[in-house]
Amino acid sequence: MDTRPIGVFDSGLGGLTAVRQLRRVLPGEDIVYFGDTGRVPYGSRAHDTIVQYARQDIHFLLEQDVKFIIAACGTVSSTFPPEEAAKLPVPYTGVVGAACRAAVAATRNRRVGLIGTAATIRSGSYAAVIRDMMPDAKITARACPLFVPLVENGYVNDGNPVTRLVIAEYLEEVRAAGVDTLILGCTHYPLLKKMIGDFMGDDVTLIDAGKVTAQAAAAALADLDLLSGRTGGGTARYYVSDTPDNFTQQEQLFLGEYAGGPVERIAIESY
């Protein structure tokens, strides 16, 4: 048994969708979350900048004595060098592997869609993993750079005309490709799931990268004997790099029934 917290980070608040799932499947675990709200989004940044930001985020979480780190960020998961991740003093996972496994299991016609930030799509990471598991898969990928700012600014109400217009602009090509499975390759995107699903149609399975990663992390913690052994009472602490005001305004949206808990601003550049 290990009562140290699980560390989770993202470029902004989208990773809270993974925290919500973690609290649901691991109610006895403590969680430390860092959202880099002062530098969101990461998806439009240069490769070296993303890696530098990820190093700082990870360093901060390690200073909180976490036992496991989840990069609840499609951009970081697609960009952070695996060789660096392997040298960390605690186990680390991103969202790519779990999402790809879920997509391969779900697809019936081997046509898989992927949406993510520009950096995620540019990296080709999801496509590479899918093709390793399913070489004849046909993958249609689309960068959706406006989705993160739409979510971070609260444009998530079902039927929001601005958001629906952007969804149609981005996803028409993906829908026309005949995909039957669509990976939401950024943990912000589940907040748009209802509208994305309405546009794609009932026959398309949506893969929530944060949700399946939380489930995979729970299994990994059990396999590594890192669970706390508690069946309830887990807590969450939140840290951001910009004013906490926006977090307070948005936490109900992202965390639902798990909203609440202390939130503190930190100077992430010092890590």
Got a sec? Which helices (runs of 4 or more DSSP H) wholly within segment 1-102 have at least 3 residues that are in contact (Cβ under 8 Å) with a residue 24 or more places away in the chain and of a type in the set (Ser, Thr, Tyr)? 74-79
Going through Pro91, Pro41, Pro27, Pro81 one at a time, which residue ends up being more than 18 Å from the chain's Cα centre (by Cα) and not aromatic (Phe, Trp, Tyr)? Pro27
Among (1) in contact (Cβ under 8 Å) with a residue 40 or more places away in the chain; (2) over 18 Å from the mean Cα position of the chain (by Cα), where does Asp223 come up short? (1)
Does Gln64 count as farther than 22 Å from Gln215 by Cα and open to solvent by 20 Å² or more (accessible area, probe 1.4 Å)? yes
If you check Arg131 against the conditions, is it farther than 30 Å from Thr243 by Cα and without any contact (Cβ under 8 Å) to a residue 24 or more places away in the chain? yes
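Could you please give the count of residues in segment 150-176 that are touching a residue at least 24 places away in the same chain (Cβ under 8 Å) and exposed (fewer than 14 other Cβ atoms within 10 Å of the Cβ)?
Total meeting the criteria: 5.
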Taking the condition of being assigned to a loop (DSSP other than H, G, I, E, B), farther than 22 Å from Gln215 by Cβ and open to solvent by less than 50 Å² (accessible area, probe 1.4 Å), how many residues in segment 236-260 meet it? 3
Restricting to segment 14-67, name every residue that is more than 21 Å from Glu264 (Cβ to Cβ), hydrophobic (A, V, I, L, M, F, W, C) and touching a Phe, Trp or Tyr at 6+ places or on another chain (Cβ under 8 Å). Ile50, Val51
Given the criteria farther than 21 Å from Thr231 by Cα, open to solvent by less than 10 Å² (accessible area, probe 1.4 Å) and touching a Cys at 6+ places or on another chain (Cβ under 6 Å), does Asp57 qualify? no
Of these, Val76, Val129, Val112, Val95, which one is open to solvent by less than 10 Å² (accessible area, probe 1.4 Å), farther than 25 Å from Phe34 by Cβ and modelled with pLDDT of 95 or more? Val112
Among the residues of segment 224-235, are any within 21 Å of Asn157 (Cα to Cα), open to solvent by less than 30 Å² (accessible area, probe 1.4 Å), touching a strand residue (DSSP E or B) at 6+ places or on another chain (Cβ under 8 Å) and not polar (S, T, N, Q)? no
Can we say Asp208 is touching a helix residue (DSSP H, G or I) at 6+ places or on another chain (Cβ under 9 Å), among the acidic types (Asp, Glu) and open to solvent by less than 60 Å² (accessible area, probe 1.4 Å)? yes
So Gly256 fits all but one of (1) more than 28 Å from Pro89 (Cβ to Cβ); (2) out of contact with any helix residue (DSSP H, G or I) (no Cβ under 8 Å at 6 or more places or on another chain); (3) not basic (Lys, Arg); what number is the exception? (2)
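The values are calculated or read from the model by the stated rules, or taken from the named source; none is laboratory data. The shown structure was predicted, so the numbers you read here are calculated from the model rather than taken from an experiment. Counting neighbours? That spans all protein chains shown, and the Cβs are built from the backbone with ideal geometry, glycine included. In case anyone asks, the SASA skips ligands and DNA or RNA and just uses the protein heavy atoms, side chains included. Shrake-Rupley method; radii C 1.70, N 1.55, O 1.52, S 1.80 Å.
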